[in-house]
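So the structure is just underneath, and the comments pick up after that.
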Amino acid sequence: MPVQAAAHGLVSRALKNGVIAKTGCAVCGNPKVEGHHDDYSKPLEVIWLCRPHHKERHVRLAREGRDPAKLIRYQGKRVPKPRSKRRNK
Ligand SMILES: [Zn+2]
Ligand SMILES: [Zn+2]
């Protein structure tokens, strides 16, 4: 399962169990929110943002070079090659 989907699954379960609660948009208080993760390795650290502010946050994160979605793709490209470790002399 992709990391993002796993995180979203965890969030919806945590919401159902009352572990975390949905709030209004962290920026403007709009009650129509989407869950956002700055870091998918911390799936329960959700930031609730309305659609425009959610988009805005991704734009800003991307500009800073730490868009969580892009980071995952980037890491996925680099990780599956542990070949350089065992080098023949
Ligand atoms: Zn907002
Ligand atoms: Zn997001």
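The values are calculated or read from the model by the stated rules, or taken from the named source; none is laboratory data. All figures in this text were calculated on a predicted structure; none of them were measured in a lab. Note: ideal-geometry Cβ built from the backbone for every residue, glycine included; neighbour counts use all protein chains shown.
Determine whether segment 40-51 contains at least one residue that is assigned to a helix (DSSP H, G or I), modelled with pLDDT of 90 or more and surrounded by 10 or more Cβ atoms within 10 Å (Cβ to Cβ).
Step one: filter segment 40-51 for residues assigned to a helix (DSSP H, G or I), giving 51.
Adding the requirement that they be modelled with pLDDT of 90 or more leaves 51.
Still in the running and surrounded by 10 or more Cβ atoms within 10 Å (Cβ to Cβ): 51.
Checked segment 40-51: at least one residue is assigned to a helix (DSSP H, G or I), modelled with pLDDT of 90 or more and surrounded by 10 or more Cβ atoms within 10 Å (Cβ to Cβ).
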### Task
Determine whether segment 35-50 contains at least one residue that is within 11 Å of ligand 2 (Cβ to nearest atom) and basic (Lys, Arg).
no
#### Entry: Hey, residue 68 at pLDDT below 90, surrounded by 13 or more Cβ atoms within 10 Å (Cβ to Cβ) and touching a helix residue (DSSP H, G or I) at 6+ places or on another chain (Cβ under 8 Å) or not
yes
### Filter result (buried (at least 18 other Cβ atoms within 10 Å of the Cβ) and more than 16 Å from ligand 1 (Cβ to nearest atom)) within segment 23-39
37
